[in-house]
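Participant: Below you'll find the structure I mean.
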């Protein structure tokens with residue numbers, strides 16, 4: 001393997017081979033594995049800020065608020081990085097709101113999305129003064145209004161409109177089609193806006209649209225924007241002002257030769273359409289998640305055993321589906337590379353974890369030259385890995401490291417077995 005360049009690694013110049021060692025920024029991953037053990041998540045601060053800078057360039061000179069969709073990775077230090085960079089946050093639960101506040105985020109820059117907000121979560125959000133609720137049904141409008149009236153408040157609302165645009169992504173992460181659970185149908189949106197404007201506890205402030213995740217083509221965005229702007233014109237013709245337009249997130253990253261548009265290039269196209277239709281000076285909101293953190297992270301895992309078989313060779317590692325759920329859930333691809341490469345062609349393996357499920361695999365049909373005790377890096381692991389991790393098989397969640405230049409900060413300690421059942425009790 002050629003270790004003089006990171007050309008074989010997707011997405012980030014901040015994760016590269018220097019000599020014969022894979023580094024995140026200025027820190028050797030082999031050193032982190034020795035110090036902290038495996039599985040271990042390692043993130044590059046520079047990579048996250050570089051991804052954010054592309055959006056900031058795209059919005060230069062515009063009224064725009066970037067709200068990090070924290071479900072992608074909700075670790076407190078990650079939230080702190082984006083809060084200090086001026087971001088707001090897109091949340092989907094009261095627990096995520098608590099995390100934003102703990103990380104120093106501004107509640108006035110918080111957008112609360114999700115189809116199943118509880119009354120308790122609504123009260124929690126109203127008490128701290130969040131920026132907007134993205135409401136996803138008429139029933140939710142009624143409940144939110146009642147909660148706000150009981151508190152003597154007005155809830156700022158935006159309706160999430162389902163434009164029925166196909167983002168051409170995995171069906172589990174497509175959110176803008178008629179068969180999805182999200183949002184208000186485009187055909188019903190005007191009636192819903194009229195209903196919202198009539199309720200005593202609500203103040204209509206915007207419109208929202210989010211069509212899915214891991215989108216690698218600009219066409220669905222342009223199609224969705226046209227449908228949303230058509231609806232803005234209808235709603236405002238009915239006498240209901242729309243103060244901000246929220247176009248969601250969903251921009252994909254490079255997992256395996258994927259070629260999504262760069263954020264600034266995508267927004268140049270979208271802003272040109274906004275300008276052409278007369279909406280270029282509106283307040284804009286966006287909710288990127290994966291595109292800010294996905295390629296900024298790796299998961300380190302140790303090879304435990306090599307198990308040859310009649311039909312398959314298995315490379316058994318200490319990371320599992322509880323640490324890296326995307327392959328099991330979405331049949332997702334992550335590149336897997338050695339932290340310290342060996343010379344030679346290697347053998348074709350399925351890389352699997354120790355969890356008691358046949359679905360516990362990390363990568364299939366990977367040609368590698370490895371021995372037991374080697375450390376592998378699962379790339380593009382910054383999004384929807386740790387945030388979806390579990391304690392299945394009573395496995396403690398991994399430790400996390402944030403690298404900033406040559407400094408490595410431990411931002412989450414490894415869970416012990418005791419930690420996994422500390423809140424339980426015998427009868």
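Participant: For segment 260-339 and segment 76-145, what is the separation of their C-alpha centers, rounded to whole Å?
Facilitator: The two parts, judged by their Cα centres, are 24 Å apart.
Participant: Taking the Cα atoms only, what angle lies between the long axis of helix 263-276 and the longest principal axis of the chain, rounded to 10 degrees?
Facilitator: With both axes taken from Cα atoms, the answer is about 20 degrees.
Participant: Which of 386, 70 comes first, and how do the rest follow, when ranked by fewest Cβ neighbours within 10 Å? Could the numbers behind the result be given before it?
Facilitator: Details: 386 26, 70 29.
Result, fewest neighbours first: 386, 70.
Participant: Quick check on segment 208-264: take the gyration tensor over C-alpha atoms, sort the square-rooted eigenvalues as a ≥ b ≥ c, and tell me if it's rounded (a/c under 1.5), prolate or oblate.
Facilitator: On the way: a/c = 3.76, a/b = 3.05, b/c = 1.23.
Since a/c reaches 1.5 and a/b is larger than b/c, the shape of segment 208-264 is classed as prolate.
Participant: A further question follows. Compare 358, 145, 93 in a GNM of the chain, Cα atoms joined below 10 Å, and give the one with the largest fluctuation.
Facilitator: Top of the fluctuation ranking is 358.
Participant: Another question about this same structure. With the cut-off at 1.5 for a/c, could you classify segment 331-427 from its C-alpha gyration tensor as rounded, prolate or oblate? Write out the running numbers ahead of the final one.
Facilitator: On the way: a/c = 2.26, a/b = 1.44, b/c = 1.57.
Oblate, since a/c reaches 1.5 and b/c is not below a/b.
Participant: Binning at 10 Å from 0, report for segment 182-284 what percent of all alpha-carbon pair distances ends up in each bin.
Facilitator: 13, 44, 29, 12, 2, 0
Participant: While we're here: How many nm is it between the label spots at residue 238 and residue 281, if each spot is 7 Å from the Cα in line with the beta carbon?
Facilitator: Taking the two extended label points, one gets 2.7 nm.
Participant: With axes computed from alpha carbons, what is the tilt in degrees of helix 189-198 against the longest principal axis of the chain, rounded to the nearest 10 within 0 to 90?
Facilitator: Compared with the principal axis, the helix lies near 60 degrees.
Participant: Largest first and to the nearest Å, give the Cα extent of segment 113-288 along each principal axis.
Facilitator: 52, 33, 29
Participant: In a Gaussian network model over the chain where Cα atoms closer than 10 Å are linked, find which of 143, 339, 204 has the largest mean-square fluctuation.
Facilitator: Maximum fluctuation in the GNM of the chain, among the listed residues, is at 143.
Participant: With angles folded into 0 to 90 degrees, how steeply does helix 219-237 sit against the dominant principal axis of the chain? Use alpha carbons for both and round to 10.
Facilitator: 20
Participant: Moving on to the next point. Does segment 18-133 classify as rounded, prolate or oblate by the C-alpha gyration tensor (a ≥ b ≥ c root eigenvalues; a/c under 1.5 gives rounded; else a/b over b/c gives prolate, otherwise oblate)?
Facilitator: It comes out oblate by the Cα gyration axes.
Participant: Next up: Of (i) 71, 65, 42; (ii) 68, 52, 34; (iii) 69, 60, 43, which is the value of Cα extents along the principal axes in Å derived from the coordinates here?
Facilitator: (iii)
Participant: Follow-up. For the chain, set up a Gaussian network in which alpha carbons nearer than 10 Å are linked by springs, and say which option among 398, 372, 146 fluctuates the most.
Facilitator: Highest fluctuation of the listed residues: 372.
Participant: Can you pull the one-decimal nm distance between simple spin-label points at residue 343 and residue 219, each 7 Å off the Cα toward Cβ?
Facilitator: With each label point 7 Å from Cα toward Cβ, the separation is 4.8 nm.
Participant: Continuing with this model, one more query. Set the Förster distance to 35 Å, then compute FRET efficiency between residue 310 and residue 273 from the Cβ-Cβ distance, nearest 0.05.
Facilitator: Details: r = 56 Å, r/R0 = 1.61.
Efficiency at R0 = 35 Å is approximately 0.05.
Participant: State, as an integer percentage, the relative contact order of segment 113-288 based on alpha-carbon contacts under 8 Å between residues 6 or more apart.
Facilitator: Rounded, it is 20 percent for segment 113-288.
Here, each number is a calculation from the coordinates, and none is a lab measurement. If you're wondering where the values come from, they're calculated on a predicted model, not measured in any experiment. Cβ atoms come from the backbone with ideal geometry, glycine included; neighbour counts cover every protein chain shown.
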